[in-house]
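Nothing in this text is a laboratory measurement; each read-out follows from the coordinates by a stated rule. Being a predicted model, the structure only gives us computed values, none of them experimental. Every residue, glycine among them, receives a Cβ derived from its backbone with ideal geometry; neighbour counts consider all protein chains shown.
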Amino acid sequence: MLLGLLGTLVLGIAIGGVLTAAYRLSGRRLPKWIIPVGAALGMIIFHAWNEYTWFSRTVAGLPPHVQVGQTYTVSNAIQPWTLLFPRIDRFSAVDLGSVRTNDKAPGYRLAQVHLVTRFSPTGTTRQLFDCNEPRRMVLGEETEFNEEGLPKNPDWEVLPANDPLLEKVCSQPVASG
C-alpha cells in the first residue's frame with residue numbers, strides 16, 4: 001500500500017514537472033492551473049488503474065494448478081467510480097494439485113484453498129468438500145478424525161450446487177491420500 005501511494009505521488013510530481021516545462025516552453029501562454037489539475041488527474045487515473053488491474057496482475061502470477069474459484073467486489077463512496085464499476089479486492093483460489101480423496105469416502109475431496117485479499121497476507125485453509133451433497137467445511141488444527149479419516153463432528157456449510165470452488169474441486173481427477 002505504501003509503495004502504491006509513493007508511486008502515485010512520484011507520478012504526480014513527474015506530471016507536474018512535465019506540465020511546468022510545457023507551460024514555460026509555451027511562453028506562459030497555457031493557463032497556469034493546468035499544472036496542478038494535470039498532476040491530480042494523472043494521479044487519480046494511475047490510482048484507479050492500479051486498483052482495477054490488481055486482480056488480473058495477481059492472477060497472472062499464480063501457477064497453473066492454482067485456479068480462481070470466487071471473486072468479491074467492493075464499492076464505496078470515497079472512490080465514487082466504484083459505485084458504477086465495482087472492483088475486485090479479494091478472491092479465493094483452489095490448489096488443484098493438492099486435491100485428495102479418501103478411499104473410504106470417495107465422495108469427499110480435501111483441498112487447499114487460498115484466500116487472497118489486497119493489502120493483507122494470503123491465508124491458506126484446508127477444506128473438505130462433499131461432492132455428493134453441495135457442502136464444505138474448513139478443517140482447523142482442532143479438527144478430530146475418526147478411524148475412516150472423516151471429521152468426528154463436522155460443521156458443514158451448505159453450498160449452492162453451482163459453487164465455483166465445489167465445481168473445480170469435484171471435477172478434478174485426484175490422487176488418493
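The C-alpha atoms of the chain define a longest principal axis, and helix 34-52 lies at about 10 degrees to it. Within the chain, what's the longest run with no chymotrypsin sites (Phe, Trp or Tyr not before Pro) in a DSSP loop and at most 16 other beta-carbon atoms within 10 Å? Give the range, please. So the longest stretch without any such site is 34-118. Here r is the Cβ-Cβ distance between PHE85 and THR20 and R0 is 35 Å; the resulting FRET efficiency, rounded to 0.05, is 0.60. So what's the angle, to the nearest 10 degrees on a 0 to 90 scale, between helix 2-25 and the longest Cα principal axis of the chain? With rounding to tens, the tilt is 20 degrees.
Dipole check for segment 74-177: with +1 at the C-beta of Lys and Arg, -1 at the C-beta of Asp and Glu, and the Cα centre as origin, the magnitude is about 460 Debye. For LYS168, a cut-off of 24 angstrom between C-alpha atoms picks up these lysines, skipping any fewer than 8 places away in its own chain: LYS104.
Could you tell me the center-to-center distance, by alpha carbons, between segment 154-172 and segment 52-108 in angstrom? For segment 154-172 versus segment 52-108, the Cα centre distance is 15 Å. When +1 charges are put on Lys and Arg Cβ atoms and -1 charges on Asp and Glu Cβ atoms, the dipole computed for the chain relative to its Cα centre reaches about 1500 debye.
Restricting segment 68-118 to trypsin sites (Lys or Arg not before Pro) that sit in a DSSP loop and have at most 11 other Cβ atoms within 10 Å of their own Cβ leaves LYS104.
Taking all C-alpha pairs of segment 2-52, those more than 14 Å from each other amount to 51 percent.
A simple spin-label model places the labels of VAL158 and VAL138 2.1 nm from each other, with each point 7 Å out along Cα-to-Cβ.
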